[in-house]
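Asks: Mind having a look at this structure? Questions to follow.
The values are calculated or read from the model by the stated rules, or taken from the named source; none is laboratory data. Quick caveat, the model's predicted, so the values are computed rather than measured. Cβ: placed from backbone, ideal geometry, glycine included. Neighbour counts: every protein chain shown. Ligands, DNA and RNA are stripped out before the accessible areas are found, and what is left, the full protein with its side chains, is counted by its heavy atoms. Shrake-Rupley method; radii C 1.70, N 1.55, O 1.52, S 1.80 Å.
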Amino acid sequence: MPSTAPAPADSGSPGRRDAEATRAAILRAARHLLARHAHGDITLKAVAERAGVSPPLIMKYFGNKEALFARVMSFEEDAAVLLAAPLADLGHHMVRHVLVSQSERGADPLLRIVFAPLQGTQGDTLRANFRTQVSDRLALRLDGPDAGLRAELAVSMLLGLGVMYGIARGGELRAAPLDAVVERYAPAVQAHLTP
């Protein structure tokens, strides 16, 4: 008699890739809405419509609205990617990451911190997560005096670049070749990381 048990999950299988793409679309939709609306005003139906999925699918992947938004308000995964370079090359890597996120994906997940003041108590959670998961995590990698200050200055430069590129849509910045912007901007960020 043939087995009816599902095949073991294969991270390279089409079903696995589709599930990952669906989860990513749901998170993007929730981040987009959180940047524009108060947490309490966002419904799972609105997230589902923006993501092109059904509300029950969100429940399947995330459980409920609170679990979804706890994930959206976490910077753990984003910080891991942002900080995934040796310290000597980190400024270059972080600047490139912000620009590629903006130019190719239309958003940088770190920029959602800019909208924290709009979110009430959820904004407090967003700010606390950003401090511990991004700024403090970066500071732990830095040698020398004033590591916390230098980490916050480096991160503020990245946020400023992201805001100018993605929100203010600076014409000259967006028209410049990405590599040229990285070469100009990265040394200033790196100066805070390895003084």
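Asks: Quick one: how many Å² of MET73 are accessible to a 1.4 Å probe, rounded to 10?
Replies: Solvent-accessible area, nearest 10 Å²: 10 Å².
Asks: Taking only C-alpha pairs under 8 Å that are 6+ residues apart, what is the relative contact order of the chain in percent? Before the final figure, lay out each step's value.
Replies: Values: 176 pairs, mean separation 43.7, N = 195.
The value is 22 percent.
Asks: What net charge do the residues around ARG50 carry, taking every other residue with its C-beta under 13 Å from that of ARG50, with Lys and Arg at +1 and Asp and Glu at -1?
Replies: Charge balance in the 13 Å sphere: +3.
Asks: Enter the per residue convex hull volume of region 18-62, computed from alpha-carbon coordinates, in Å³ rounded to the nearest integer.
Replies: Cα-based convex hull of region 18-62, divided per residue, equals 59 Å³.
Asks: Which value, in Å to one decimal place, does the Kirkwood hydrodynamic radius take for region 46-195 when every pair of different Cα atoms is included?
Replies: When all Cα pairs of region 46-195 are included, the Kirkwood radius is 16.5 Å.
Asks: Using the Cβ atoms and a cut-off under 15 Å, what net charge is assigned to the surroundings of THR194, where Lys and Arg are +1 and Asp and Glu are -1?
Replies: With Lys, Arg at +1 and Asp, Glu at -1, the neighbours total -1.
Asks: How big is the gap, in Å, between the Cα center of region 134-164 and the Cα center of region 41-81?
Replies: Taking the Cα centre of each part, region 134-164 and region 41-81 sit 28 Å apart.
Asks: Report LEU159's accessible area, 1.4 Å probe, all protein chains in place, as a number in Å² to the nearest 10.
Replies: Counting only protein heavy atoms, the figure is 40 Å².
Asks: If you don't mind, there's one more thing I want to ask. Which order do peptides 91-97, 189-195, 178-184 fall in by mean Cβ count within 10 Å, highest first?
Replies: Details: 91-97: 21.9, 189-195: 18.0, 178-184: 14.3.
The packing order, highest mean first, is 91-97, 189-195, 178-184.
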